[in-house]
Amino acid sequence: MIKINLTPELELESTYWYLPSVAIILVVAACGFFYAEYVVSDMRAQQITMDNDSREFVEKLAKIQSDVSRFAAIDESVKSRKQKLKILQDITGKKLERFKPVLIMDVLQVIKPAGVWFRSLEITNRGADVSIDGGSFDNIILAEFLTNIKVTASQKISISDIRTQIYFADMDFRFSRQATGDDLFRDIGSHYRFQLTFKIKNLSEKAPTNPADPKKITMNLLDELGEVSL
C-alpha cells in the first residue's frame, strides 16, 4: 500500500502555521468590536441628545401652557371688567338722561361766576337744548362765563361725578348790550344784557380733543363781545 501525505508543506515545516490566520481573525474581530462600540456610542449620544431635546421641549411646552392659562385668566378678568363697565355705563346713561335737567342747572351754577345772573333759563328737547336770558356787571365777567361753557368740551370724565358726563356745545351768542335797570332785579343799575343758546351732549360720545386754552378763549370772546356790544 502506498501512503500519500497531503499535509501542506508549510504545516510540515512549522508547528504554528495557523498563527497568521488567527492574527488576521483577531484583527478583524477587534476592528468589528471597535466599530460596533463606536456605532453604539454614537447611538447613545444621539439618544442622550434626543432625551435632552425632548426634556427641553416638555419644559417649554409646560411653560407655554402656563402662559396660556395665565393669559386665559387675564382675558376672563378683562371680559368680566368690560361687562361690569358696560352695566355701569348703562346705569349711568339711564341716570344721566333721567336727571339731565338737574345736572344742567347744577353745572351752570358751578361755572357761573359772581356778577352773572339768569333772568330766564329754558331747557327743551328733553334736555338737549338750553336758552339763557341773563345779565352781567361787565363783559369781562361775561367772557369768563362763556369760557367756562366752552371748556366743558375738554373736561375729563370722572366716574364718581356724573356732571362730567355732559358738556355744552354749539353755543350761539345772540348779543351783549348795555342796559340800565332791570324789571326783575330792580336794584341793579347799569349792566349788560345777553342771550345765548347751546346744546347738551354726552362727553362719552365725543372724540378726544386737545385741552382748550381758557385764556385764549377768553381773549377771543372779549373781542367778540366788543363787537356785539351796542
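Any read-out appearing in this document is the output of simple, stated calculations on the displayed coordinates, not a laboratory observation. Nothing here was measured: the structure is a model prediction, and the numbers come from that model.
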Counting just the Cα atoms, what span does the stretch 123-183 cover along each of its three principal axes? Round to the nearest Å and put the largest first.
44, 27, 19
Set LYS79/LYS199; LYS82/LYS150; LYS156/LYS216; LYS156/LYS215; LYS112/LYS150; LYS100/LYS156, cut-off 23 Å on Cα-Cα distance; pairs above it are LYS79/LYS199; LYS82/LYS150
If the chain between GLU59 and ARG44 were fully stretched, how many nm would it gain, using 0.36 nm times the residue separation less the Cα-Cα distance?
3.2 nm
